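Take a look at this one; I'll ask things after.
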Amino acid sequence: RFNTRIKGNYKYEIADLAATLNYMAEEIVRSNQTKDDFISSISHELRTPLTSIKGWSETLISGGYDPEETKLGMGIISRESDRLIGLVEEILDFSKLQQNEMKLSIGIVNVKVLLQETILNIWAKAEKKRIVLLLECDEAIYVKGDANRLKQVFLNLVDNAVKFSHEDSSIVLTAQRFSASETAIIVRDSGIGISDDHISRVRDRFFQVDALNGGTGLGLAISQQLVELHHGKIEMNSELGKGTQVTVILPLTDELPSSMIVTEGQL
Ligand code: ADP
């Protein structure tokens, strides 16, 4: 009986080991595939603005353009350079996070102001698709963190929402106290949605449902890691064809920003 039990255990262990090895092999194939996809999509993402910058600078150097055309060309060069800088910064941020080298500059952040600033930053882009951005936010929600990095998270989430929303739709940002110690900040769109098959993978680095949409597939991976550095978490719910809801849960703080602390003498 003893022997059979040992044999039995071995059988399970070997089966477990085989399953684990299989899973690892699949992961390796999958991660190599996503890395290959990443390299091809990042090359494309870098080449498009570069081609445009090169084309316009050569055109302008050759001269003979009226001030209006010159201004248009310069505007495109400046916009495309910003796009390149954004891409390179995203890759650098990702690599800093991978190496545990992301430094946060911690302060007290007013969530309403943070979301208002996010909306202001993305307003023009949303307007091009006639998308309305709405904000529903409780007063006086404060979190402890790096205001710029948290803004980066919400810019990424709202940017995705705009990118994957239909024209003439709306995106709603809500922030409320979720529990005594946490706030839930939700970005909700009624765009193309994400299928059940893909929802668990969209936060993986390099992953994109469709590489043709542009981007690096790093945005959500970076956002997730930044939120984790703030002791929070991101939850995603989505229905294909209906829309997506991303919830960021962050710990609240009782501390007030120094600008709001009034000393006795000032009262
Ligand atoms: P990218 O910069 O390529 O958009 P992200 O990590 O931000 O990378 O997103 C990964 C993928 O998740 C996107 O390419 C898209 O397929 C999917 N996705 C993210 N947000 C949404 C959304 N709000 N609606 C539909 N799909 C989304």
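The values are calculated or read from the model by the stated rules, or taken from the named source; none is laboratory data. None of the values given here were measured: they were computed from a predicted structure. Cβ sites come from the backbone with ideal geometry, for glycine too, and all protein chains shown count toward neighbours. The area values use the complete protein model at the heavy-atom level, side chains included, leaving out ligands, DNA and RNA. Shrake-Rupley method; radii C 1.70, N 1.55, O 1.52, S 1.80 Å.
I'm told residue 228 meets every condition in (1) free of Cβ contacts under 8 Å to residues at least 60 places away in the same chain; (2) open to solvent by less than 70 Å² (accessible area, probe 1.4 Å) except one. Can you identify the failing condition by its number?
So the condition that residue 228 fails would be (2).
Might you check whether a residue that is in contact with a Pro (Cβ under 9 Å, 6 or more places away or on another chain) and over 30 Å from residue 138 (Cα atoms) occurs anywhere in region 85-92? Spell out how you get there, then give the answer.
To start, the set of residues in region 85-92 that are in contact with a Pro (Cβ under 9 Å, 6 or more places away or on another chain) comprises 87.
Still in the list and also over 30 Å from residue 138 (Cα atoms): 87.
Scanning region 85-92 turns up at least one residue that is in contact with a Pro (Cβ under 9 Å, 6 or more places away or on another chain) and over 30 Å from residue 138 (Cα atoms).
Tell me, which residue of region 231-246 that is open to solvent by 60 Å² or more (accessible area, probe 1.4 Å) and closer than 21 Å to residue 175 by Cα is farthest from the ligand (Cβ to nearest atom)?
Filtering first and then ranking leaves 231.
Further question on the same structure: Any residue in region 236-253 that's in contact (Cβ under 8 Å) with a residue 12 or more places away in the chain: show its pairings with residues that are within 11 Å of the ligand (Cβ to nearest atom) and of a type in the set (Phe, Trp, Tyr) at Cβ separation under 8 Å, as long as the two are six or more apart or on different chains.
Going by the 8 Å Cβ cut-off, the qualifying pairs are 244/164.
Here's the yes/no breakdown for (1) over 22 Å from the mean Cα position of the chain (by Cα); (2) closer than 30 Å to residue 136 by Cα; (3) within 16 Å of the ligand (Cβ to nearest atom):
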{"site": "21", "(1), (2), (3)": "yes, no, no"}
{"site": "26", "(1), (2), (3)": "yes, no, no"}
{"site": "30", "(1), (2), (3)": "no, no, yes"}
{"site": "43", "(1), (2), (3)": "no, no, yes"}
{"site": "63", "(1), (2), (3)": "yes, no, no"}
{"site": "109", "(1), (2), (3)": "no, yes, no"}
{"site": "115", "(1), (2), (3)": "no, yes, no"}
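So for region 159-167 (the condition being of a type in the set (Phe, Trp, Tyr), over 15 Å from residue 135 (Cβ atoms), near the ligand (Cβ under 7 Å from one of its atoms) and modelled with pLDDT of 95 or more), does at least one residue qualify?
Among the residues of region 159-167, at least one is of a type in the set (Phe, Trp, Tyr), over 15 Å from residue 135 (Cβ atoms), near the ligand (Cβ under 7 Å from one of its atoms) and modelled with pLDDT of 95 or more, which makes the answer yes.
Would a scan of region 197-214 turn up a residue that is acidic (Asp, Glu), in a helix (DSSP H, G or I), over 24 Å from residue 178 (Cα atoms) and more than 8 Å from the ligand (Cβ to nearest atom)?
Scanning region 197-214, I find at least one residue that is acidic (Asp, Glu), in a helix (DSSP H, G or I), over 24 Å from residue 178 (Cα atoms) and more than 8 Å from the ligand (Cβ to nearest atom), so the answer is yes.
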